[in-house]
Amino acid sequence: MKPATEEFLYLLLWTADSLLRPSWRDVLDPDSFEAWAYRQGLGRRLGELERLKLIEAKAPKGGEERLVRLTEAGREAALAGVDPVRHWERTWDGRWRLVMFDVPQTKTSARVSLRRSLRNRRFGYLQNSVWLSPDPLDEIRRQVAGTSTNVEGLVLFEGRPGGGESDQDLVMGAWDFPDIFERYKMWNRIADAAPKPRSASARTAAVIRTWGGRERSAWRDIVEKDPFLPAPLLPAGYPGRTAWARRIRLLTSLGHALLNG
């Protein structure tokens, strides 16, 4: 996705009435939103987003004005690909999944591809060839079964540790939570510096958008590393849920100021 399109989705999310799942009850007011988009020189992107099925529009009965909303795909893209609440609230059956592999040095591309796939699925790693997840391995099984690459020595395990290790031992060993905590601290520092607009103006909108670029980058740094584990597995002092609640309040407030700027 083009950076400009991603930024537009991000700004569009702010101007919605909520950051909850899209519904026609949480639409973008066509008068204020489309007028804002054209003032910002973003109007041409509306058609592109609709073509990509990232937004959708409909005309209410008896009226000519369009109602515009983010689709689920558009909302996910605006959230940097992750809805944290859905991840934290997913159920966990108490069983760990382990992926172990020993790919020969001659199969470098296969090894790199497998590691990238596991990392993208938010697996933690105990060693470079031993990866851990609380989630079922259905997608990994399908990927391995459907690939033409012979990934030698790949074994999938499911169960509980047999050496007395606690769930928290595994969590802290498989994911770099000290680094994740630092990323949340950085995001909070940027949140502390959020604009506090007292009036709507073009200058105010420009300040908000500049700050928004920093905020979006800092949140993407979090998304890159945080596995967003099920709630029972979150480590002590985990700041993610508090930061997310703050982000909703902050971006919703600034979104309304941006829309009127």
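The values are calculated or read from the model by the stated rules, or taken from the named source; none is laboratory data. The structure displayed is predicted, hence computed values, not measured ones. All Cβ positions, glycine included, derive from the backbone under ideal geometry; neighbour counts span all protein chains shown.
Among residues of region 66-85 that are closer than 13 Å to residue 12 by Cα and surrounded by 16 or more Cβ atoms within 10 Å (Cβ to Cβ), those with a beta-carbon under 6 Å from a residue that is charged (D, E, K, R) and at pLDDT 85 or above at least six positions away or on a different chain give the pairs 71/53. Considering only region 199-215, I want to know if a residue exists there that is within 30 Å of residue 125 (Cα to Cα) and outside the structural domain of residue 119 (by TED's automatic domain parsing). Scanning region 199-215, I find at least one residue that is within 30 Å of residue 125 (Cα to Cα) and outside the structural domain of residue 119 (by TED's automatic domain parsing), so the answer is yes.
A quick yes/no check of all residues on (1) aromatic (Phe, Trp, Tyr); (2) modelled with pLDDT of 85 or more; (3) in a helix (DSSP H, G or I):
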{"site": "108", "(1), (2), (3)": "no, no, yes"}
{"site": "112", "(1), (2), (3)": "no, no, yes"}
{"site": "125", "(1), (2), (3)": "yes, yes, no"}
{"site": "132", "(1), (2), (3)": "no, yes, no"}
{"site": "141", "(1), (2), (3)": "no, no, yes"}
{"site": "144", "(1), (2), (3)": "no, no, yes"}
{"site": "149", "(1), (2), (3)": "no, no, no"}
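Number of residues in region 204-261 that are within 14 Å of residue 182 (Cα to Cα) and assigned to a helix (DSSP H, G or I) equals 10.
No other residue among 198, 160, 214 is of a type outside the set (S, T, N, Q) and free of Cβ contacts under 8 Å to residues at least 24 places away in the same chain apart from 198. Counting the residues of region 172-207 that are at pLDDT below 85 and among the hydrophobic types (A, V, I, L, M, F, W, C) gives 4.
None of 49, 11, 28 is at pLDDT below 70 and not assigned by TED's automatic domain parsing to the domain that holds residue 122 except 28.
Residue by residue, here is whether (1) over 20 Å from residue 170 (Cα atoms); (2) of a type in the set (Val, Ile, Thr) holds:
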| site | (1), (2) |
| --- | --- |
| 216 | yes, no |
| 221 | yes, no |
| 227 | no, no |
| 232 | no, no |
| 239 | no, no |
| 245 | yes, no |
| 252 | yes, yes |
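Taking every residue in region 98-119 that is closer than 25 Å to residue 228 by Cα and pairing it with any residue that is β-branched (Val, Ile, Thr) and modelled with pLDDT of 80 or more, at least 6 positions away or on another chain, the pairs with Cβ-Cβ distances below 7 Å are 98/130; 100/130; 100/155; 118/99.
Scanning region 91-106 for residues that are modelled with pLDDT under 90 and surrounded by fewer than 16 Cβ atoms within 10 Å (Cβ to Cβ) yields 100, 102, 104, 105, 106.
When region 188-233 is limited to residues that are among the aromatic types (Phe, Trp, Tyr) and under 24 Å from residue 86 (Cα atoms), the one that is surrounded by the fewest Cβ atoms within 10 Å (Cβ to Cβ) turns out to be 228.
Candidates in region 116-142 are the residues that are among the polar types (S, T, N, Q) and buried (at least 16 other Cβ atoms within 10 Å of the Cβ); of these, the one that is farthest from the chain's Cα centre (by Cα) is 129.
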